[in-house]
Every structure is written in structure tokens, then in C-alpha cells.
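Student: Dropping the structure in here first, questions after.
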Amino acid sequence: MSLLKPFSKLPGLNTANILLVENEEQFQQKLADTVVLQEKNVNVNVRLARSLPLPMENEESRPRIDLVVFIIHLTSELSFQSAETSLKYLDPGYFQGKVCFLVTSARNVSVPPERLVSVRKLAASLHCPLLCAEDQTTEGVTTAAHRLLAILKVAAGLVPMATGLYLSTLTRCTVPSDIDQQNFE
Amino acid sequence: MEERNSTEKTPCNNALAQRRSKSYRQSMRSCVEATHLAYTSGLLTALRIPRSRKAPKSRDITKQVDPDQVALLVKKEWQLSYVTPFYQFRHTQLKSYSKQLSAFIVSEKQQGLAIEVGQELGFKVNFSVVLGLAETDKDAETVFIQILSKQAFAAKDDAQKVVWSGWLTCVNGDLDYLRSLPLEFVSLPLFCTRGPESLTVLVKSWFEKTFDCCFGPLGINSTNLQWLASLWTGCHPTINIQYLKLVWTLPTLPPMDVTYTVHPQDAWELWDSMRQVDTTEDSISIDEVTGFIKGLQSHFFRHFRIDLSAGSLMQISTALGSSHHSGKIKIASPNYIPTILQLLTECALLKMPI
């Protein structure tokens, strides 16, 4: 199995690499352009993929991926399933702060709420942050890019005193388990 | 009100106070979790999305409900909306409500219609109660509203025709929720309308003014459409559904609509194989429903190489009724009305801003 490993290559100087995985291949292009434009101080390389595993041919030339972002469109069931199957091809080392879930159309009225609940449960079980993004407006894309850059810089080790694992304990998705969590005496 | 108590319990101050007694990590978790308000899990107003339902039984509803009134409800396509509980709505004052509503409609129609001549503005409104649809003690009785009007250019003696009809209902609503409502409120969350949009808007604004409630559009999302498809297919042994038609919209350029019609016997066999071994049990779980739809989708994929789960389910129809994603429902057979209405009442209650 060709797992994507987080620490098998050397990091570049002042460089951060992000991988955007999306089945529909629509939002990742806009997001990639915005991310690259927003960041001035660090070299950000954005790689796009439809699903994992990544092709073997690029294995040598591919740099070390610091953050893997799964983009899930809640309007289609297929998006979620494809993200779930891609998760198998990630080395477990990624789940300590180097994976993030990005969800679009969470506010859409036609989306059954169970889908968002299952994405939340998935993100919570993997201890990863879950971001909601608005992909139709430029403002939404800019906001999403800004948030991803914040997480990327920590995951790439460019922020002093913060590591991906530490940040993920603060930002990880939680699913409130109904009533017994709300017991405050 | 109990709801206010539960919001007082949720926390920011409490979390800070706890930091001394409980561990840091637990209070951090409570701070983070308190901001998750996807579902307001208050103690009394928690509404759960149901994961299993009772199998529908064919019931001759005409034993409970007047057959004429049943005929008013079936075989017509209704547009759905949800409505929040009514303040001081009395089932005994329906006559006065009819008068008030007709006066309201006439006055609204007269505004700004100075130039149109020959428009018959005599509206008569009929409020009536449909007894027998409510399932539990807590359900309020269904109210049926009809607006009659003379057609333009009608002869003097012609009877008034029904131009708009609508009904408010609550069937097997969530008991915890209904019990938690204060006494002055009556909850009839499902509102079905049929007729010109202008009259629907007028009726809604009259209700909003009189009973301090809010209306909103109720769509039927793909999960509920799948429930309806499975429930109707499950009725095949008792009443022939004649066909099972599903319509998907795929997000291609240009968008593609796929209409997938299944022979009823095949649909029934697939559904039967999905039902778990203990078919004597009355309940259907969501896993069986998703399995049924996945079976249909994978069959389609095998033949056409198009994965329907990439699109969204828009409409389903059988001989027993049809239902559209935008909130339209048509019930053709009176035997399964309670089950369908129960599902729609649940949708309306879940959609309401609590």
C-alpha cells in the first residue's frame, strides 16, 4: 500500500506544502490560487489531487506534504465517501495535526443534516479540525484560504512554540454527545 | 419556561468557575463544546432525527375521518411549509376566524387595485376541523381552510368556487416537545397549501399578525425522500404501487436529470432483501433505507457507469403518491395518510427555529 508519509523527506527552507484533495475538482483550484496570493512571507506550494493514493510516478519529485486538506461538498454523498476511502492511504503520523477537513454548503437547506453529523463524527474520531467554507463568493474563498494558511504554517513548523499536535488539541472537532455532557454542577 | 432554564445552564461562567475544581483539559473541552449549537440539546426541547420508523400499516382512515374530508386531502398536490406554534388559537372560534380572514383578504386585495374593474372581490373563507387525523392526545386537531370566490364574469347565481385551500396539521408530533409548550400555545407545525401564491401570502400574513407565529418553507431533503420511497415500496404487497420512479439531478455541465423507473415487483424484492432477518419486527431502520437506495444506484452504475450518489435526489413517485424536493407532496391513497403525515410533521418540527 502506498501510504503518504509525513516525515520521510526533508523540509524545505521557509517552505510549506499543502495538498488539497477533492473529488469534484472545482473548489480546489480557486482555493489554491487564493492561498498562493495571500501568503507573502513563506513559499507556499499547493498540490491538487482528486483522491489518494497519489500517483507513483511523482513520488521522487514530490516534496514533503505538511498539511492534507480533504474538501467535502455536502451536497453529494459521493464526495464524503471518496474522502473516506482516501483516508486509508495516509500514514497515521498525519493524524497528529497534519490533516484538516473542509466542508462546503453546510448551510444549504437541501443538505440532509445527517451528512454533516457523519462528517463531524469522522473528524472527531480522527482528532482533526473541521472547517466550514463558503465556496460561492470570493470573500468566502479568501476566508477559507486565510484559515488554512494559519493551520498550514503551524503544521509546517514555521510558527515558533506551536506544533501541529498542540494546535490540533485546541482545534479538533468535537461531537457533543447529547445531554450528559452538559452537566455543570 | 423550561427552555430558559437550560440556556442558563450552558456555560461560560460555569466553565471558568470549574477550572479550580476540575482538570484544565475538561474545562477546555466544555468551553469548546459549548459553542457547538448545531442541535440545541436542551433538556426538554431536544428533537432527534429519527433513525427508525414503524412500518406503515394499511388503515382504512375513513373509519376515523369523514370520507368527504379525506377526499379533500388526497389526490391533490400540496406545497408544504412549517409554522411555529400559535398563541391563543382556539378551535372553538373558527367562525370568527373565517370572518376575520375574509375581511383581511378583501381589504388587502382592494389596496392598489383601483384600476382593475370587473374583478369580483367577494371572498368567503371557511375554517373547518378535520377530526380524526390526530394520533395522540397531544396532537391538535387538523384545521382545514378554504377560500371561495366567484369567478370573474360569472353569472349572478353561480356558486362560489374554491380558489385556495390549505390545512394545518400535527400528526404524532414529538411528545416531549408538545408537552413542553406553555398552555396558551397550540402547535400545528405542518401547513399544506394549494392555490395562487398571492392568497397563500395573505393567509400567512394574517396568521402571523393574529397568532404571533412564523412561517417558513419546508423542503423535503434527500434522506426523507428516501424514507418515503422505502415506505411506499414496503406497501407493495398490500396495494400495488405500479411503479417506483426516482428523479436525480446530476451536477454536470449542463445539469443532467436522470429519471429512473423501477418495476414494482423488482423494487419490492430488493426492499425485502434489505429488511433484516426479523421482518416480524415493526420498525424500519435508516440503514435498510440507505441500503435500498444504494442497491438501486449500484445497479444503475453497472449499466450506465453514472454514479447517482454524486447528484441529489429530487423527486420520487409511486402510485401511492409523489413527493418533490422543493416541498410538494401528493398523497393518492387514503390508507397510508397517517404515516406520511407523521413523517412530514417530524420534518416540520425539526425545521422550526426553536
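The values are calculated or read from the model by the stated rules, or taken from the named source; none is laboratory data. Since we're looking at a predicted model, the values are computed, not measured. Positions of Cβ are generated from backbone atoms using ideal geometry, with glycine treated the same way; all protein chains shown enter the neighbour counts. Remember, those area values only see protein heavy atoms, side chains included, never the ligands or the DNA or RNA. Shrake-Rupley method; radii C 1.70, N 1.55, O 1.52, S 1.80 Å.
Student: At a Förster distance of 35 Å, what's the computed FRET efficiency of B:Ser96 paired with B:Asp176, Cβ-Cβ distance as r, to 0.05?
Tutor: Plugging the Cβ-Cβ distance into 1/(1 + (r/R0)^6) gives 0.60.
Student: How many percent of the accessible area of the range A:17-171 is carbon or sulfur, using a 1.4 Å probe?
Tutor: 55
Student: On average, how much accessible surface per residue is there in the range B:203-354, in Å², for a 1.4 Å probe, leaving out ligands, DNA and RNA?
Tutor: Spelled out: the 1.4 Å probe surface of the range B:203-354, per residue, equals 43 Å².
Student: Just the number, please: buried accessible area between A and B, total of both chains, 1.4 angstrom probe, nearest 100 square angstrom.
Tutor: That pair of chains buries around 2300 Å² in total.
Student: Same structure again: Suppose we take every Cα in the range A:1-62 and form the convex hull; what volume per residue is that in Å³?
Tutor: Output value, Cα hull per residue: 87 Å³.
Student: Over the range B:163-275, how many percent of alpha carbon pairs lie in each 5 Å bin up to the one with the longest distance?
Tutor: 2, 8, 13, 14, 12, 14, 15, 11, 8, 3, 0
Student: Grab the beta carbon distance between B:His303 and B:Glu135, set R0 = 45 Å, and tell me the FRET efficiency rounded to 0.05.
Tutor: Computed FRET efficiency for B:His303 and B:Glu135 comes out at 0.60.
Student: Still on this model: Whole-Å semi-axes of the range A:17-171's equivalent ellipsoid, largest first, each the root of 5 times a Cα gyration tensor eigenvalue? The partial results should precede the final answer.
Tutor: Details: eigenvalues 98, 62, 56 Å².
So the three semi-axes of the range A:17-171 are 22, 18, 17 Å.
Student: Ok, one more. Could you pull the Cα extents of the range B:124-228 along its three principal axes, largest to smallest, in whole Å?
Tutor: For the range B:124-228, the Cα spread along each principal axis is 53, 35, 28 Å.
Student: Within the range A:42-103, list the GluC sites (Glu not before Pro) lying in a DSSP loop whose Cβ has at most 13 other Cβ atoms in a 10 Å radius.
Tutor: Hits after loop and neighbour filter: A:Glu59, A:Glu60.
Student: Once amide H atoms are placed 1.01 Å from N in the peptide plane, what residues at a sequence separation of 5 or more from B:Val129, or on another chain, have their amide H within under 5 Å of its amide H?
Tutor: For B:Val129, whose amide H was placed from the backbone, the distant partners under 5 Å are B:Phe144.
Student: Also, I was wondering about something else. Counting other Cβ atoms within 10 Å of each Cβ, which trypsin sites (Lys or Arg not before Pro) in the range A:72-144 have at most 12 and sit in a DSSP loop?
Tutor: Answer in residue order: A:Arg107.
Student: Sticking with this one: Please find the FRET efficiency linking A:Gln29 to A:Leu165, where r is the Cβ-Cβ separation and R0 is fixed at 30 Å, and quote it to the nearest 0.05. Write out the running numbers ahead of the final one.
Tutor: On the way: r = 30 Å, r/R0 = 1.01.
It comes out at approximately 0.50.
Student: Taking the Cβ of B:Leu308 as the center, what net charge do the other residues with Cβ under 14 Å away carry, scoring Lys and Arg +1 and Asp and Glu -1?
Tutor: Cβ neighbours under 14 Å give a net charge of +1.
Student: Sticking with this structure for a sec: Give the accessible area for B:Tyr82 in Å² (nearest 10); use a 1.4 Å probe, count only protein heavy atoms, and leave out ligands, DNA and RNA.
Tutor: Surface open to solvent at B:Tyr82 totals about 30 Å².
Student: Follow-up. B:Thr210: accessible area at probe 1.4 Å, nearest 10 Å²?
Tutor: B:Thr210 has an accessible surface of roughly 50 Å² with all protein chains in place.
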